[in-house]
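Single-structure report; data block below.
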């Protein structure tokens, strides 16, 4: 069986149907059905995502589980003492405010109203009105499937993950519609080995450098269709059906490329209904190694949430 968007992996014996020309929805539906069948047959969610030991071993190996607490100054923690000498901590979240370049027409801009001040009330407080998909944020599984996990249902262990970085910045600089493809994943595995169980697979397209230039972020054409990079449907199907990952991360506005958001958003439809999550608008991915780092995701935990802002870190 040969896929339109992939090649070698579809030769393996698998229940997942390959994408068929002009009908990607068929394999999207079949992938979701297989996952739900596994869940109904008694396979635990944790086992289904392959997290039972991989993350604990990775984190323990980095000294995160038994690190001795550091004596810190009031303004800064010595991360070398906390994480171990030689470790690097990278902030993967953008600073977010009312001027953050939201993905219209899908995301409304946030408003920040200061309703208390130190001079008048004796303390400072903002009243924030926002879309869940604001700033660096997670698309939770329930965003595209009512039966999937909401923000408060995602297991905490799924928020600490081996970080796999796929670099496509050179390609994206020439083609704003560049995609992470199955071949990119295969090349990564040829250099670093199989994608680890429980991994977060992150696109490094260089797009985060455009954060202060909305026109260059979205590259809208004469029909108002945006053009920015994302995950291809072949890569998404491969990760969903062949690898036990917790989700993906992009340094652009959406898991699907700008153009593909208007062609059905199939990366969302492949990954989210099967309890994978997607981080959008990640920062500083280019500062992290292709392999060997760990991602820590601090997710807003609101009941029934379809998405939520995150403060995410990469550690290596």
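Bear in mind that the values in this text are calculations on the coordinates, not laboratory data. Worth saying up front: this structure is predicted, and the values here are computed from it rather than measured. Because the Cβ atoms are built from the backbone with ideal geometry, glycine has one as well, and the counts that use them run over all protein chains shown.
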Handout entry: Sites residue 212 and residue 146, calculated FRET efficiency, Cβ-Cβ separation with R0 45 Å, nearest 0.05
Key = 0.75
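What FRET efficiency comes out for residue 106 versus residue 85 if R0 is 35 angstrom and r is the Cβ-Cβ distance? Round to the nearest 0.05. Can you show the working numbers first?
Numbers: r = 44 Å, r/R0 = 1.26.
According to the calculation, E is roughly 0.20.
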Problem - Cβ-derived FRET efficiency at R0 25 Å, residue 186 paired with residue 219, nearest 0.05 - result: 0.35
Exercise for the section: Specify the inter-centroid distance of segment 183-204 and segment 114-167, based on alpha-carbon positions, in whole Å. Expected result: 26 Å
Fill in the blank from the handout: Dividing the mean separation of Cα pairs under 8 Å (6+ apart) by the residue count of segment 240-308 yields a relative contact order in percent of 35 percent
Practice task
Order the peptides 257-267, 240-250 from the highest to the lowest mean number of other Cβ atoms within 10 Å of their residues.
Solution key: 240-250, 257-267
Fill in the blank from the handout: Placing each pseudo-label 7 Å from Cα in the direction of the beta carbon, residue 262 and residue 126 end up separated by a distance in nanometres of 3.1 nm
